[in-house]
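A short write-up of the structure that comes next.
The values are calculated or read from the model by the stated rules, or taken from the named source; none is laboratory data. From a predicted model like this one, the values you see are computed outputs, not experimental measurements. Here Cβ is always computed from backbone atoms with ideal geometry, including for glycine, and neighbour counts include all displayed protein chains. With ligands, DNA and RNA removed, areas are computed over all heavy atoms of the protein, side chains included. Shrake-Rupley method; radii C 1.70, N 1.55, O 1.52, S 1.80 Å.
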Amino acid sequence: MDVFLVVFGHLNVRDVLYVRQTSKAFCDITKTRSLWNKLIHDHVLRKNIPIPGLGGRQIDTLTSQELEQYLYRALNLRRNWTLPSPNVVRQTDTLTIQDSRVFALHFLPAAGARWLVSLSMSAGRLFTLQCWDIHASPPTCAAVREMRNFRGMAVNKVSSESGSIAILDPQLETLSFDPTSTDPSLGFLRIGGLHQDGTTSIQSFSNATLITRDINARLYLWDVGSPQSKLELRTSQPHSVLDVMLIDELALVMRSKSLELYALPLSTSFSGGSASLYPVMSYQWPWRVDNVVMTRQFRPLRTFRTNDTISILIRFGSLFPWSINLLHHYELHPNVLYASSSPLNEANLPYDFPPVLRETIASPVRLHATSDMAIGPYGTAIWTDSHTEDYFGHADRGQRLAGRFSPGRRFEDGENEEVELSDQIATATANSVYSFQEEDSWLRVALDETEGKVALGGDDGRISILEYI
């Protein structure tokens, strides 16, 4: 039996199923847990394929039957996800607020992608924050809060007891929500707050750390557990901040004209209540950044310890009042020579600067048309643009939801080649079109690559949730 297990472990999944049908003895062997544990490691984990529906469970805790089922789900999602026209297995639509516009959409990072947060604006600048249970059919609103003094929000990038959402209305508060509440108006729960004057926006929320901006464009980092102290992230080029990513003891700040790396202290609780830092590295972009999303590439199996590669998807602006018809996909690679025990400085950085251009993707956007984008940790970038003449025979209106799947570069395999690319001419196109429409109503897009879900928010207050598994 051990010999057969070794042999079957080298087969692909379809051949294992064929072998199962040949005899009762082989059928029993192909139901062995060790076999399916090897198959899911070889065909899913080593290929960096997400496993939908796992819900935070560990592979080591799964039975043989569960391993087999999750392997099928992972491979079926990847096969459908990367088709030129992926099949929508299920689509649900819901209305946030009548006669409103969806301003923000986010999947909460809790396992299972059950909760979707939306922010909509209706007449009189009435903002409505809602949390949706998208496992229900149709989706139901589990929590709602109206805000008339709204100035900003951020969704926690990790599941944390410090709260799921931070809002500025007009004071800064951190919120969680009660999924068991039968009254949506009581669904949001206040966890804490920072009573600070002068804060104009929330830039990032990760675990127990908040980053805010004040009226003078200064960035401050707060520990929600110690609201009396703060850390100012200073810069010599105070351009507008578009995104902030917190990585262990690092802060990666994306500005409209630069990318800055800050080394954070081990604790943000300072005696005296205030301190300041300057970036240890700053990179100047060739053009003004109009829109950007960043994420850490997920690698379940590593052969040695390094930081995760950072994927950066950018749409640059132009000298005219519209963006260019290109998307630039950059990567910030970990520095394999970084010595964590030595002081962090320009000669000893955890990441290699400058960022490496991976692809320049064609993505036309008409004048005055809207466009949004998202990027996942497994290599998928999705966006909305105006390339619809192939479907409707005209180019004056219409939107498509397009994407490009590009598996991350694998340093652990010894691959270290860079391809000569152009940053002004498209060298790649979308390899999947997930949806398209003849109207121009889509404003926001959210992506859960692990669960194979995409959410679209429109200018009519409607949300469409597309599922591909």
Completion exercise
Dividing the surface of the Cα convex hull of segment 64-186 by four yields a projected area in nm² of 10.1 nm²
Practice task
At 0.36 nm per residue, minus the direct Cα-Cα distance, what do Arg20 and Arg151 gain on full extension? Give it in nm, one decimal, please.
Solution key: 41.1 nm
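Hey, can you rank 370-380, 247-257, 133-143 by average C-beta count inside 10 Å, highest first? Intermediate results must be reported in sequence, preceding the final value.
On the way: 370-380: 21.2, 247-257: 18.2, 133-143: 16.2.
Most protected by this proxy first, the peptides run 370-380, 247-257, 133-143.
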Problem - Listed residue (Pro84, Asn149, Ser206) projecting farthest to the positive dipole end of segment 72-226, Cβ model - result: Pro84
Fill in the blank from the handout: Magnitude of the Cβ-charge dipole (Lys and Arg +1, Asp and Glu -1) of segment 150-293 about the Cα centre, nearest 20 debye, reported as 480 debye
Exercise for the section: Determine the dipole magnitude for the chain: charges of +1 sit on the beta-carbon of Lys and Arg, -1 on that of Asp and Glu, nothing else is charged, the reference point is the Cα centre, and the result goes in debye to the nearest 20. Expected result: 500 debye
Practice task
At 0.36 nm per residue, minus the direct Cα-Cα distance, what do Ser181 and Phe353 gain on full extension? Give it in nm, one decimal, please.
Solution key: 57.1 nm
Handout entry: Dipole-positive endmost among Thr30, His394, Val433 within the chain (Cβ charges, Cα centre)
Key = Thr30
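Using only the Cα atoms of the chain, build the gyration tensor, take square roots of its eigenvalues as a ≥ b ≥ c, and label the shape rounded, prolate or oblate: rounded if a/c is under 1.5, else prolate if a/b is larger than b/c, else oblate. Could the numbers behind the result be given before it?
Details: a/c = 1.42, a/b = 1.29, b/c = 1.10.
Taking the square roots of the gyration eigenvalues as a ≥ b ≥ c, the chain is rounded.
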Handout entry: Stretchable slack from Asp390 to Asp214, in nm (0.36 nm times residue separation minus alpha-carbon distance)
Key = 58.8 nm
Exercise for the section: Round to the nearest 0.05 the FRET efficiency obtained for Arg296 and Asp460 when R0 = 30 Å and r is the Cβ-Cβ distance. Expected result: 0.30
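Express the accessible area of the chain per residue in Å², computed with a 1.4 Å probe while the remaining protein chains stay in the model. Write out the running numbers ahead of the final one.
Values: 21780 Å² over 469 residues.
Computed with neighbouring chains in place, this is 46 Å² per residue.
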Problem - Spin-label pair Ala339/Ala426, simplified geometry with 7 Å Cα→Cβ offset, distance in nm - result: 4.7 nm
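What 222 nm value per residue comes from the helices of the chain, counting each DSSP H run with n ≥ 4 as -39,500 (n - 2.57) and dividing by all residues, nearest 500 deg cm²/dmol?
Details: 6 runs with 51 residues, N = 469.
Taken over the chain, the calculation gives -3000 deg cm²/dmol.
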Completion exercise
Dividing the alpha-carbon radius of gyration of segment 118-250 by 2.2 N^0.38 Å, where N counts its residues, gives 1.10
Practice task
Return the carbon/sulfur percentage of the accessible area of the chain, one whole number, probe 1.4 Å, all protein chains in place.
Solution key: 50 percent
Exercise for the section: Place a label point 7 angstrom from the Cα of Asp248 along the Cα-to-Cβ direction, then list the residues of segment 31-47 whose backbone nitrogen is under 13 Å away. Expected result: none
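With respect to the cross-link table entries Lys157/Lys453; Lys24/Lys47; Lys157/Lys257; Lys230/Lys257, which display a Cα-Cα separation exceeding 28 Å? Present the calculation step by step, with values, prior to reporting the outcome.
Details: Lys157/Lys453 17 Å; Lys24/Lys47 31 Å; Lys157/Lys257 24 Å; Lys230/Lys257 25 Å.
Cα-Cα > 28 Å for Lys24/Lys47; rest within.
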Handout entry: Distance-filtered residues of segment 167-198 - backbone nitrogen under 19 Å, label point 7 angstrom along Glu232 Cα→Cβ
Key = 195-198
Fill in the blank from the handout: Toy charge model, Lys and Arg Cβ at +1, Asp and Glu Cβ at -1: segment 90-161 dipole around Cα centroid in debye, rounded to 20, equals 220 debye
